[in-house]
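The values are calculated or read from the model by the stated rules, or taken from the named source; none is laboratory data. Not measured: the values here are computed from a predicted model. When we count neighbours, we look across all protein chains shown, and the Cβ atoms used for this are built from the backbone with ideal geometry, even at glycine.
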Amino acid sequence: MINAAWTLRRTMLAERPATDAEFDQVADLIRRRLTQAVALSRRTDDTRTLVTALRRLGHVEHDAGRHDEAVGRYEEAVAVARKATDPMLLAHAVRHLADGYRSTGRLAEAEVCYDETLTLYAAADEPPALDYANALRPMAILKESLGETDEARNLWQQAKSLYATVPIAAGVAECEEHLARLG
């Protein structure tokens, strides 16, 4: 159910429906499916699935411009992930919470979450390169916006290296743009 809803979201975003009403209908369908997935996951006590469903429901709320609702979903995903024994599941959830905080202008809270996320990835024997790069990127954006140029430059360089290993050319290019601008 979660994967089907997520595939529908990707399709909706790539092939935007003709009217806003159609877009809203599809978004509501995705939200309903993910809400059902959250309810089912709670009943089965499946932590990993619950965290994923909550996180993706947060994405859908964010897509709809309901940033406070998105943050609520992300906060719950983090709370559930903290009970699990999977640091990568927690890192991914905390990173999305940080993104939600950044979207709502709660920059100090975002920074704390990004720090935790990067600490979790750095402590892992073999962190997923793409997830790690995707955590470095928003922290670099945050540091850059705060005028912390040296730290931003370091983060962009780390992200670039990881994107190159995946390889994600668009990620490398974005990092290079920022590094060139930062000098």
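Can you find a residue that is in contact with an Asp or Glu (Cβ under 7 Å, 6 or more places away or on another chain) and over 17 Å from Met88 (Cβ atoms) anywhere in the range 147-169? Scanning the range 147-169, I find at least one residue that is in contact with an Asp or Glu (Cβ under 7 Å, 6 or more places away or on another chain) and over 17 Å from Met88 (Cβ atoms), so the answer is yes. In this structure, Thr149 does not qualify as at pLDDT 95 or above and closer than 26 Å to Val38 by Cα. Count of the range 125-135 residues, restricted to those that are closer than 15 Å to Ala93 by Cβ and not in a helix (DSSP H, G or I), is 2.
Condition check ((1) modelled with pLDDT under 95; (2) outside the structural domain of Leu142 (by TED's automatic domain parsing); (3) in a helix (DSSP H, G or I)) across all residues:
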position	(1), (2), (3)
Ala4	yes, yes, yes
Arg9	yes, yes, yes
Met12	yes, yes, yes
Ala27	yes, yes, yes
Gly65	yes, yes, no
Ala77	no, yes, yes
Thr85	yes, yes, no
Tyr114	no, yes, yes
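When Gly105 is tested against the conditions (1) free of Cβ contacts under 8 Å to residues at least 12 places away in the same chain; (2) closer than 24 Å to Glu61 by Cβ; (3) assigned to a helix (DSSP H, G or I), the lone failure is (3).
Exactly one residue out of Leu142, Leu89, Leu179, Leu155 is over 23 Å from His62 (Cβ atoms) and in contact with a Lys or Arg (Cβ under 9 Å, 6 or more places away or on another chain): that is Leu179. Name the residue, out of Ala5, Ala53, Ala21, Ala39, that is exposed (fewer than 14 other Cβ atoms within 10 Å of the Cβ) and under 24 Å from Leu90 (Cα atoms). Of Ala5, Ala53, Ala21, Ala39, the one residue that is exposed (fewer than 14 other Cβ atoms within 10 Å of the Cβ) and under 24 Å from Leu90 (Cα atoms) is Ala39. Exactly one residue among Ala140, Ala98, Ala152 is buried (at least 21 other Cβ atoms within 10 Å of the Cβ), in the same structural domain as Glu61 (by TED's automatic domain parsing) and either of a type in the set (A, V, I, L, M, F, W, C) or free of Cβ contacts under 8 Å to residues at least 12 places away in the same chain (or both), and that residue is Ala98.
Quick check on Ala53: is it under 15 Å from the mean Cα position of the chain (by Cα), within 22 Å of Leu142 (Cβ to Cβ) and assigned to a helix (DSSP H, G or I)? So Ala53 does not fit the description; no.
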